[in-house]
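What follows is a single structure, written as structure tokens, with notes after it.
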Amino acid sequence: KAGVTQTPRYLIKTRGQQVTLSCSPISGHRSVSWYQQTPGQGLQFLFEYFSETQRNKGNFPGRFSGRQFSNSRSEMNVSTLELGDSALYLCASSSRTDFSGNTIYFGEGSWLTVV
Amino acid sequence: KQEVTQIPAALSVPEGENLVLNCSFTDSAIYNLQWFRQDPGKGLTSLLLIQSSQREQTSGRLNASLDKSSGRSTLYIAASQPGDSATYLCAVSYYGQNFVFGPGTRLSVLP
């Protein structure tokens, strides 16, 4: 059974640009959540999608957005990149349907460097 | 505010030792608690998931306990090995919300 796949793994962008990251969840999982990890702030929740609907959102500015497709694949977008957006962006998938708290599985992450 | 803390921040032990990692959370109304392992530059690997109604979970050399009333969980690692070296993160979830992560404990097991 394939795990959570994130692309690209590494990317470098310039301030002001925008970036799109992709996540393919484990087959059969309909919940996809995104996290940002930085040395200073640790792991912070960005948003969660379930059946193409955003179910939860963390405390991030509107420059951070996401969506989920009918096949459960998800993308997140960051517009007008700032230096502070440099981080490891992690995607996690879960089979949970009703906040029953099933195990979540993480991808390897996308390393974003903003210069 | 729901916060998760982990003590110690870093730990270095000789191979073969048994060790305990600690996790504390401010809001005891958790839905469940999960322990993860993260290797440098990698994603997180789930180790153990404890539902709020459970007191402990075991997997191989790992044992995690949960005391909701005191807002604490411990991860016990028996007979540590150099391959156990990683950062261990504790995360709690609340109904209708996503996981809140602790800052992690960086473990080094010396051969």
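Each value in this text was obtained by applying a stated rule to the coordinates, not by laboratory testing. These numbers come from a predicted model, not from an experiment. All Cβ positions, even for glycine, are placed from backbone atoms using ideal geometry, and neighbour counts span all protein chains on display.
When the chymotrypsin sites (Phe, Trp or Tyr not before Pro) in region B:57-111 are filtered for DSSP coil states and for at most 14 other beta-carbon atoms within 10 Å of their beta-carbon, the remaining sites are B:TYR95. Under a point-charge model restricted to the Cβ atoms of Lys and Arg (+1) and Asp and Glu (-1), what is the dipole moment magnitude of the protein assembly as shown relative to its Cα centre, in debye to the nearest 20? Here the size comes out at about 420 debye.
The order of A:PHE45, B:PHE36, going from fewest to most other C-beta atoms within 10 Å of their C-beta, is A:PHE45, B:PHE36. Taking the convex hull of the alpha carbon positions in the protein assembly as shown and averaging its projected area over all directions gives 12.3 nm². Averaged over the residues of peptide A:42-49, the number of Cβ atoms from other protein chains lying within 10 Å of each residue's Cβ is 4. Taking amide H atoms as placed 1.01 Å from N in the peptide plane, the amide H of B:ASP27 lies under 5 Å from those of B:GLU3, each 5 or more residues away in sequence or on another chain. Entry note, region A:1-40: relative contact order of 45 percent, from Cα contacts under 8 Å with a spacing of 6+ residues. Based on the Stokes-Einstein relation at 25 °C and a viscosity of 0.890 mPa s, and on the Kirkwood radius from alpha carbon pairs, region A:17-115 is assigned a translational diffusion coefficient of 181 µm²/s. At a temperature of 37 °C and a viscosity of 0.692 mPa s, determine how fast chain B diffuses translationally according to Stokes-Einstein, using the Kirkwood radius over alpha-carbon pairs as Rh; express D in µm²/s, rounded to the nearest whole number. It diffuses with D of about 236 µm²/s by this estimate. The trypsin sites (Lys or Arg not before Pro) of region B:48-111 that DSSP puts in a loop, and whose beta carbon has at most 13 other beta carbons within 10 Å, are B:ARG55, B:ARG61. Applying 1/(1 + (r/R0)^6) with r as the Cβ-Cβ distance of A:ALA2 and B:GLN2 and R0 = 35 angstrom yields a FRET efficiency of 0.60. For A:LYS57, the aspartates and glutamates whose Cα comes closer than 18 Å to its Cα, not counting residues fewer than 8 places off in the same chain, are A:GLU48, A:GLU75, A:ASP85, A:ASP98, B:GLU3. Basic side chains Lys and Arg get +1 at the Cβ, acidic Asp and Glu get -1 at the Cβ, and with that the dipole of chain A about its Cα centre reaches some 120 debye. Taking the centroid of alpha carbons for each part, region A:1-33 and region B:73-111 are 24 Å apart. Measuring nothing but how far apart in sequence close Cα pairs (under 8 Å, 6+ apart) lie, relative to its length, chain A scores a relative contact order of 36 percent. Ordering A:VAL78, B:VAL92, B:TRP35 by the projection of their Cα atoms onto the charge dipole of the protein assembly as shown, which places +1 on the Cβ of Lys and Arg and -1 on the Cβ of Asp and Glu, puts A:VAL78 at the extreme positive end.
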